Amino acid sequence: MKKIFVLIFFALNACAPMQNQKPGLNVLAVESFLADIAQNVAGNRVAINVLLPIGVDPHGFEPTPSDLRRVADANVLIVNGAGFEDFLDDLLKNAGGKRVVIEASAGLTARNPRANESANQHAADPHFWFDPNHAIKYVENIREGLTRADPDGAAIYRANADAYSAQLRDLDAWIADQIKTIPPAQRQLVTDHDTFGYFADRYDFQIVGMIVPSVHTGATPSAQEMARVIERIKQTRARAIFLEAGANAQLAQQIAQESGARVITGLYTHSLTDARGNAPTYIEMMKFNTRLIVDALK
Ligand SMILES: [Zn+2]
């Protein structure tokens, strides 16, 4: 009888809404995957809020007046950085006031995009989080930023960051193991836009091409760009074109028909899902994508 009581007690405890142990500290992360990483560092000391709704593309995001108010109310704002949040400079200027801005990717070296970016676009690739080792750097930057805003929590943030970084190292090893089941010659990616560069660098994939040759979304490929990616797929015999959840599959289908590759949809890249979806956490998102890629290519 006693045992049952204890079990119920723990179950209730796990479901209880998180208590913010540090009232007055209002932490806002721009993207859902950043909020999840930050929540792992914050533990139950601070509840992390998220600015962008689930499924919204950060590349094309346009803040509303209520977004502006949320940023104005935050005393810590966590951003990916490296040009990922185009709207950020205006948003911060309009929000006014002072806050700690944590740039999660600070200190990481950006790769040059494989896409042919025109000179007036941001050339650096901001999609660092596709390598879990970069996510460990995110954890470090978030820990430092939270500690700056809340020095009394330093020991808690450090312990949480260490524990979560260990999980990220396990994730990296798990992905590498899964990728080993794909014959090296078949480790080829065709993607929607230039998203998987850091993943490719880490796990030895060749980026064969992309539908929109840009580190941003929103552009439409020219006829020459379409012809180029079809030709590349034929030359390399890449098996699959990978699309993000919610992406328009029309161009991908056209490329698939002319090149012989299959279209695989449903990768989660710029947003998590809600708790019932396939990618409710950063770690689950990376595992889900890895399984999808491995199943299509092995
Ligand atoms: Zn992107």
Worksheet entry | Checking K234 against (1) closer than 21 Å to R291 by Cβ; (2) away from the ligand (no atom under 16 Å from the Cβ); (3) surrounded by fewer than 23 Cβ atoms within 10 Å (Cβ to Cβ), the condition it does not meet | (1)
Discussion item. Among the residues in region 95-105, are any touching a Pro at 6+ places or on another chain (Cβ under 8 Å), of a type in the set (S, T, Y), under 26 Å from T269 (Cβ atoms) and not assigned by TED's automatic domain parsing to the domain that holds T191?
Written reply: yes
Fill in: Members of region 188-212 found to be within 19 Å of the chain's Cα centre (by Cα) and under 13 Å from I255 (Cβ atoms), listed by number
V190, T191, D192, M210, V212
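Checking the condition within 29 Å of K287 (Cα to Cα) and crowded, with 19+ Cβ neighbours inside 10 Å, which residue from V56, V139 passes?
Criteria check complete, one pass: V139.
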Worksheet item: Which one of D204, D162, D172, D152 is at positive phi and away from the ligand (no atom under 16 Å from the Cβ)?
Response: D204
Item to complete: From (1) in a strand (DSSP E or B); (2) within 16 Å of the ligand (Cβ to nearest atom), pick out the condition that doesn't hold for H134.
Response: (1)
Worksheet, complete the sentence: Across region 268-298, the tally of residues that are under 27 Å from P183 (Cβ atoms) and crowded, with 22+ Cβ neighbours inside 10 Å stands at 7
Worksheet entry | Residue within region 176-190 that is within 16 Å of the ligand (Cβ to nearest atom) and modelled with pLDDT under 95 present | no
Worksheet, complete the sentence: When region 207-224 is checked residue by residue, the ones that are out of contact with any strand residue (DSSP E or B) (no Cβ under 9 Å at 6 or more places or on another chain) and away from the ligand (no atom under 12 Å from the Cβ) are P213, T220, S222, A223, Q224
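The values are calculated or read from the model by the stated rules, or taken from the named source; none is laboratory data. The structure displayed is predicted, hence computed values, not measured ones. Positions of Cβ are backbone-derived with ideal geometry, glycine not excepted, and every protein chain shown enters the neighbour counts.
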